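Before any comments, here is the structure.
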Amino acid sequence: MTTRKYTQQVRAVAADETRRRILDAMRDRLRAAPSEALSIERVAQDAGVARSTVYVVFGSKAGLFEALGGDLLERTGFQRIVDAAALPDARDAVRESLRAAAGVYAAERDVARTIYSMWSLEPEAVRGAFEVVERGRAEGQRWMAWRLAEEGHLHPDVTVEEATDILWVITSFETFDQLYTGRGLSAEDTAARLVTMAERALWAPQG
């Protein structure tokens with residue numbers, strides 16, 4: 001390996017470590033002060049970097065939130081939802097993706113709840129984080145509703161558009177948190193309730 005390539009690798013590793021420290025500091029700050037607007041100065045201080053470094057790495061506060069949204073999905077096992085949604089029977093795909101989503105939401109519930117609640121404080125800043133999470137969810141529910149209809153599993157009184165809206169509500173963090181936090185259910189019991197909601201609202205009668 002040439003000296004130049006080695007130096008480039010060292011710099012890349014250092015950049016990744018800096019990015020990770022900033023995101024971890026942001027996550028800790030959101031947990032510690034969920035009702036406060038996020039301070040870039042404080043995040044930088046907690047991460048042990050200059051304030052300007054945060055902007056060099058992420059571009060803006062909105063860019064920082066967007067990166068956090070993607071990082072949360074990656075760290076909490078979002079791939080499990082993707083894998084579940086690809087199951088050959090659409091009903092199994094709905095059931096297993098709801099169970100996987102409950103695990104994802106529960107893993108970072110405090111941070112997720114803070115991000116959602118910050119919409120009223122800093123909508124422009126958190127918009128990127130919302131879009132990272134919700135864009136994929138919206139597309140996924142449309143596809144799932146279409147699959148239920150295509151496979152003959154959708155209730156005849158429910159249109160694909162209506163099924164999409166129902167799945168949108170059932171798969172939301174807000175619905176999950178109403179049961180998980182509001183009702184004090186475990187992640188497993190919350191998932192079971194959500195699966196029951198989907199089955200009763202969407203499944204075609206058997207026989």
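Looking at segment 74-202 from every direction and averaging, what is the projected area of its Cα convex hull in nm²?
If you wrap the Cα atoms of segment 74-202 in a convex hull and average its projections, you get 7.7 nm².
Return, for the Cα atoms of segment 50-98, the radius of gyration and Dmax in Å, separated by a comma.
Spelled out, the Cα radius of gyration and Dmax of segment 50-98 are 16.5, 51 Å.
Between 0 and 90 degrees, rounded to the nearest ten: what's the tilt of helix 123-150 against the longest Cα principal axis of the chain?
30 degrees
What angle do you read, to the nearest 10 degrees and between 0 and 90, between the alpha-carbon axis of helix 187-202 and the longest principal axis of the chain?
Compared with the principal axis, the helix lies near 40 degrees.
Roughly how tilted is helix 61-75, in degrees to the nearest 10 and between 0 and 90, from the longest Cα axis of the chain?
60 degrees
Build a GNM of the chain with springs between Cα atoms under 10 Å: which of 157, 28, 110 gets the top mean-square fluctuation?
Looking only at 157, 28, 110, the biggest GNM fluctuation is shown by 157.
Can you list residues from other chains, or at least 5 along the same chain, whose modelled amide H is less than 5 Å from the amide H of residue 154?
149, 204
Sort 68-77, 100-109 by the packing proxy (mean of other Cβ within 10 Å over each peptide's residues), most packed first.
100-109, 68-77
Find how much the distance from residue 52 to residue 178 grows on full extension, using 0.36 nm per residue of separation minus their present alpha carbon separation; answer in nm with one decimal.
Here the answer is 41.5 nm.
Taken together, the values in this text are just the output of simple stated rules run on the coordinates, not laboratory data. Note that the structure is predicted; figures quoted are calculated from it, not measured. Ideal geometry is used to build each Cβ from the backbone, glycine not excepted, and the neighbour counts take in all protein chains shown.
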